[in-house]
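Report on one structure; see the data block that follows.
The values are calculated or read from the model by the stated rules, or taken from the named source; none is laboratory data. Computed from a prediction, not measured in an experiment: that's the story for all the values here. Quick reminder, even Gly has a Cβ in these numbers, built from the backbone with ideal geometry, and neighbours come from all protein chains shown.
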Ligand SMILES: Nc1ncnc2c1ncn2[C@@H]1O[C@H](COP(=O)(O)OP(=O)(O)OP(=O)(O)O)[C@@H](O)[C@H]1O
Ligand SMILES: [Mg+2]
């Protein structure tokens, strides 16, 4: 497993490349779990990013034979805010090899549809999400946040 550490002002960013194969979604979860041990909202991050990994494999060129995608993670732990709480923020970027589609929550959907739930799930677990890029490659970014009393 090759994990790259990118040193940045105010914190570190971790980066790892994955093969665009369905079984790699599990490796993405393992990667996040290993980096975010103790994060108060780890479940939300795992659930939301799992949807992003699966989308990358299903809906982009990363899912073709030999395709790859990259996951980057940054975790901020602010020591304490004025109310005596610990603030945390996790940002995850998932970079794919592009394709004709764009990430979008299906509008006015059929409530019994069997798909079209992934980004909705992300929208429920993340504080915010968005994407940038074009047909040659897109990055979906999600921000997860929370605060809790200092133990
Ligand atoms: N990384 C991506 N690149 C391009 N298009 C995307 C990407 N992620 C999602 N999409 C598009 O956005 C649509 C909605 O994604 P969403 O995850 O909500 O639903 P789904 O993947 O179709 O179904 P489900 O996640 O419920 O199995 C997808 O059908 C696809 O067209
Ligand atoms: Mg999906």
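Using the structure shown, decide if residue 99 is modelled with pLDDT of 95 or more, within 16 Å of ligand 2 (Cβ to nearest atom) and closer than 21 Å to residue 57 by Cβ.
Details: modelled with pLDDT of 95 or more: yes; within 16 Å of ligand 2 (Cβ to nearest atom): yes; closer than 21 Å to residue 57 by Cβ: yes.
It is true that residue 99 is modelled with pLDDT of 95 or more, within 16 Å of ligand 2 (Cβ to nearest atom) and closer than 21 Å to residue 57 by Cβ.
Can you name every residue in the range 18-43 that is over 22 Å from residue 4 (Cα atoms) and away from ligand 1 (no atom under 16 Å from the Cβ)?
40, 41, 43
Is it the case that the range 46-69 has a residue that's within 14 Å of residue 140 (Cα to Cα), part of a strand (DSSP E or B), in contact (Cβ under 8 Å) with a residue 12 or more places away in the chain and more than 16 Å from ligand 1 (Cβ to nearest atom)?
Within the range 46-69, none of the residues are within 14 Å of residue 140 (Cα to Cα), part of a strand (DSSP E or B), in contact (Cβ under 8 Å) with a residue 12 or more places away in the chain and more than 16 Å from ligand 1 (Cβ to nearest atom).
Return the only residue of 12, 43 being surrounded by fewer than 16 Cβ atoms within 10 Å (Cβ to Cβ) and under 16 Å from residue 144 (Cα atoms).
43
Applying the selection to the range 104-127, what residues are near ligand 1 (Cβ under 8 Å from one of its atoms), touching a helix residue (DSSP H, G or I) at 6+ places or on another chain (Cβ under 6 Å) and either more than 21 Å from residue 145 (Cα to Cα) or in a loop (DSSP other than H, G, I, E, B) (or both)?
105
Among residues belonging to the range 128-142 that are in a strand (DSSP E or B) and more than 13 Å from residue 94 (Cβ to Cβ), point out the one that is farthest from ligand 2 (Cβ to nearest atom).
Here the residue is 134.
Which one of these is under 25 Å from residue 68 (Cβ atoms), out of contact with any helix residue (DSSP H, G or I) (no Cβ under 6 Å at 6 or more places or on another chain) and surrounded by 14 or more Cβ atoms within 10 Å (Cβ to Cβ): 130, 146, 137?
None of the others qualify; the one that does is 137.
Which residue is farthest from ligand 2 (Cβ to nearest atom), if the candidates are limited to the range 76-96 and must be touching a helix residue (DSSP H, G or I) at 6+ places or on another chain (Cβ under 7 Å) and part of a strand (DSSP E or B)?
Ranking the qualifying residues of the range 76-96, first place goes to 90.
For the range 81-105, what are the residues that are without any contact (Cβ under 8 Å) to a residue 40 or more places away in the chain and surrounded by 13 or more Cβ atoms within 10 Å (Cβ to Cβ)?
Scanning the range 81-105 gives a single hit, 105.
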